[in-house]
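Working notes for the structure below.
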Amino acid sequence: MKWLLTIIVVLQTYGALGQGSFQNLDFESANLTPIASGQPGVEVPITLALPGWSAELGNSPVTQVWQNDFSLGAPSIDILGPNWNSPPQIIDGYYSVVLQAGLAGGVTPETASLWQNGTIPAGTESLEFKAWDSGGITPPLVSFAGDNLSLFVLSSGVSPSGQTYNVYGANIAPYADQTGQLEFTAAVGNVAGVGGIEMDDISFSTTAVPEPNSIVLTGIGGLIFAWYRRRLRCR
């Protein structure tokens with residue numbers, strides 16, 4: 001009888017782990033040593049910079065990200081904070097994340113992606129996050145369980161540090177209580193092949209996303225993303 005109870009407990013534990021909820025959606029769980037003002041940035045393990053998240057440049061997994069620094073045209077993942085006083089400023093809290101699409105080797109366009117697996121809370125109507133973009137690119141391309149989501153601009157704001165941003169939303173109600181991969185991707189968006197998207201405060205809401213005529217859609221961006229992924233897989 002004891003062995004049967006043990007098996008049941010193990011199966012329940014395994015099931016609970018498999019349905020684990022999303023974590024560190026505001027990027028405030030970083031475990032990083034502060035960098036003194038004026039000192040150069042450093043590369044740090046993604047496990048310390050972005051607990052709960054995985055990342056990829058093109059099709060290559062990321063093990064290190066830049067803390068308080070950017071690449072010069074090459075694709076990279078960057079975390080700004082806790083001591084950061086240069087543009088772009090922190091959007092909220094102590095940390096914000098930047099996805100930099102770019103040209104690998106100065107030639108090949110590569111995306112920058114950030115994702116994690118989890119369960120959309122039951123009753124969720126929308127996904128929301130704050131973002132600021134540079135380099136002439138649109139907001140990040142967002143997908144859940146492999147399906148591209150259409151983004152809408154819900155509002156705009158200015159952070160306490162003075163950083164401007166948009167609040168983006170997507171209808172995610174069809175996926176409520178489902179488990180899958182939530183992914184944010186920046187794709188090259190200008191002639192020079194350089195562009196960055198600063199992100200913060202990802203959240204799930206029980207409020208439905210309004211869809212007025214003035215919204216900004218990312219359907220075309222989804223097609224571009226699919227094209228990039230196919231191209232990268234064919235290399």
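Since every read-out is calculated from the coordinates, none of them should be taken as a lab result. What you see is a predicted model; the values in this text were computed from it and never measured. A quick note on method: Cβ atoms are made from the backbone with ideal geometry, for glycine too, and the neighbour counts reach across all protein chains shown.
General remarks:
- Rounded to whole Hz, the Karplus (6.51, -1.76, 1.60) HN-Hα couplings of the stretch 200-207, x for glycine and proline: 6, 6, 6, 8, 10, 10, 8, 9
- Summed residue charge, Cβ within 11 Å of residue 164's Cβ, Lys/Arg positive, Asp/Glu negative: -1
- A DSSP coil position with no more than 16 other Cβ atoms inside 10 Å describes the following chymotrypsin sites (Phe, Trp or Tyr not before Pro) in the stretch 91-176: 94.
- Of the residues 57, 154, the one with the fewest other Cβ atoms within 10 Å heads the list, and the complete ranking is 154, 57.
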